[in-house]
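Okay, structure first, notes after.
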Amino acid sequence: MKKIILTVVALSAIGFANAQNKKESNLGFAKGDVFVSGALLFGSDSKISYYKEDRFVFAPSVGYFVSDNIALGVNLNIGSGSVQATSASGKSKTSTFAAGLAGRYYFNPASQFSLFGELGAAFGTDKSTPVIGNVTKVNSFAVALAPGLNYFVSKNFSLETKIAVLSYASQKGDQPGDENASSIRLGGDWSAVSFGVNYKF
């Protein structure tokens, strides 16, 4: 009987200590948490004597846990760039704007390491302004289902990766005669994998 009591006391003490450590470390997500992520990119490529391409991308995203397991988020993608083919051609300008919504279900959000599934949709417009000629636009719509992993490296920062295993995308230009182009993808490769860093408030 004494052994049983001592065992129960020991297990209770271990459980209490783990709970305290978890509470103090505060690793993981919970209802009411807000996290932000995003990307900032600037690039410049030169391929031949005069060819030059510059691009800038700003892509922030915000998520909010409406329950312990479910997070809803919004994201933007704002980009601009220019292309110069020859010394006399001048620079053609490009711009991108996209906005999307996403929902995530976390299977074990309160843990340092957690799994999630994400369903997201986005609308976007790509605009091209040549030096000579008409401005053209391409409107797009995309939906993707992606499983992912999240790992907290500290109380506020986590690393995540996800892969789009099922996706649908369509796009159409605004010029007369432009046809709608669509694609469906099942399965993933390295081009469908993304990595990110989250900051939790």
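Is it true that some residue in the range 173-180 is more than 23 Å from L40 (Cα to Cα), surrounded by 15 or more Cβ atoms within 10 Å (Cβ to Cβ), touching a residue at least 24 places away in the same chain (Cβ under 8 Å) and out of contact with any helix residue (DSSP H, G or I) (no Cβ under 6 Å at 6 or more places or on another chain)? Walk me through it before giving the result.
At the first step, the residues of the range 173-180 found to be more than 23 Å from L40 (Cα to Cα) are 173-180.
Checking which are surrounded by 15 or more Cβ atoms within 10 Å (Cβ to Cβ) leaves us with 173.
Those left that are additionally touching a residue at least 24 places away in the same chain (Cβ under 8 Å): 173.
In the following step, the residues that additionally are out of contact with any helix residue (DSSP H, G or I) (no Cβ under 6 Å at 6 or more places or on another chain) were identified as 173.
Scanning the range 173-180 turns up at least one residue that is more than 23 Å from L40 (Cα to Cα), surrounded by 15 or more Cβ atoms within 10 Å (Cβ to Cβ), touching a residue at least 24 places away in the same chain (Cβ under 8 Å) and out of contact with any helix residue (DSSP H, G or I) (no Cβ under 6 Å at 6 or more places or on another chain).
Please state which of the following conditions K127 fails to meet, knowing it meets all the rest: (1) closer than 27 Å to E53 by Cα; (2) in contact (Cβ under 8 Å) with a residue 60 or more places away in the chain.
(2)
Yes or no: A146 in contact with a Ser or Thr (Cβ under 9 Å, 6 or more places away or on another chain) and over 29 Å from Q84 (Cα atoms)?
Working: in contact with a Ser or Thr (Cβ under 9 Å, 6 or more places away or on another chain): yes; over 29 Å from Q84 (Cα atoms): yes.
Here the answer is yes, as A146 does meet what is asked.
Among the residues of the range 55-70 satisfying the criterion of being closer than 22 Å to F141 by Cα and in contact with a Phe, Trp or Tyr (Cβ under 6 Å, 6 or more places away or on another chain), which is surrounded by the most Cβ atoms within 10 Å (Cβ to Cβ)?
Filtering the range 55-70 for residues that are closer than 22 Å to F141 by Cα and in contact with a Phe, Trp or Tyr (Cβ under 6 Å, 6 or more places away or on another chain), the one surrounded by the most Cβ atoms within 10 Å (Cβ to Cβ) comes out as G63.
Looking at this structure, is A121 closer than 20 Å to N75 by Cβ and exposed (fewer than 15 other Cβ atoms within 10 Å of the Cβ)? Write out each step before concluding.
On the way: closer than 20 Å to N75 by Cβ: yes; exposed (fewer than 15 other Cβ atoms within 10 Å of the Cβ): yes.
Answer is yes for this residue.
Based on what the data block shows, is Y106 crowded, with 17+ Cβ neighbours inside 10 Å and either touching a helix residue (DSSP H, G or I) at 6+ places or on another chain (Cβ under 6 Å) or in contact (Cβ under 8 Å) with a residue 12 or more places away in the chain (or both)? Walk me through it before giving the result.
Numbers: crowded, with 17+ Cβ neighbours inside 10 Å: yes; either touching a helix residue (DSSP H, G or I) at 6+ places or on another chain (Cβ under 6 Å) or in contact (Cβ under 8 Å) with a residue 12 or more places away in the chain (or both): yes.
Taking the combined requirement at face value, the residue satisfies it.
Could you check G196 against (1) surrounded by 15 or more Cβ atoms within 10 Å (Cβ to Cβ); (2) at pLDDT 90 or above; (3) under 19 Å from D33 (Cα atoms) and say which number it fails?
For G196, the exception is condition (2).
Going by the conditions given, is S114 farther than 27 Å from V165 by Cβ and polar (S, T, N, Q)? Talk me through it step by step, then tell me what you get.
On the way: farther than 27 Å from V165 by Cβ: no; polar (S, T, N, Q): yes.
For S114, the condition - farther than 27 Å from V165 by Cβ and polar (S, T, N, Q) - is not met.
Residue by residue through the range 131-159, note down the ones that are closer than 19 Å to Q171 by Cβ and assigned to a loop (DSSP other than H, G, I, E, B).
We begin by selecting, within the range 131-159, every residue closer than 19 Å to Q171 by Cβ; these are 134-144.
Passing the criteria: N134, V135.
If you check every pair at least six apart or on different chains, which have Cβ atoms under 6 Å apart with a residue in the range 21-39 that is closer than 12 Å to A71 by Cα first and a residue that is of a type in the set (G, A, S) and modelled with pLDDT of 75 or more second?
K31/S67; F35/G63
Conditions tested, residue by residue: (1) in contact (Cβ under 8 Å) with a residue 40 or more places away in the chain; (2) over 17 Å from N75 (Cα atoms).
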residue: V135; (1), (2): no, yes
residue: A164; (1), (2): no, no
residue: I184; (1), (2): no, yes
residue: F195; (1), (2): no, no
residue: K200; (1), (2): yes, no
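The values are calculated or read from the model by the stated rules, or taken from the named source; none is laboratory data. All figures in this text were calculated on a predicted structure; none of them were measured in a lab. For neighbour counting, all protein chains shown are included, and Cβ atoms are generated from backbone atoms with ideal geometry for every residue, glycine included.
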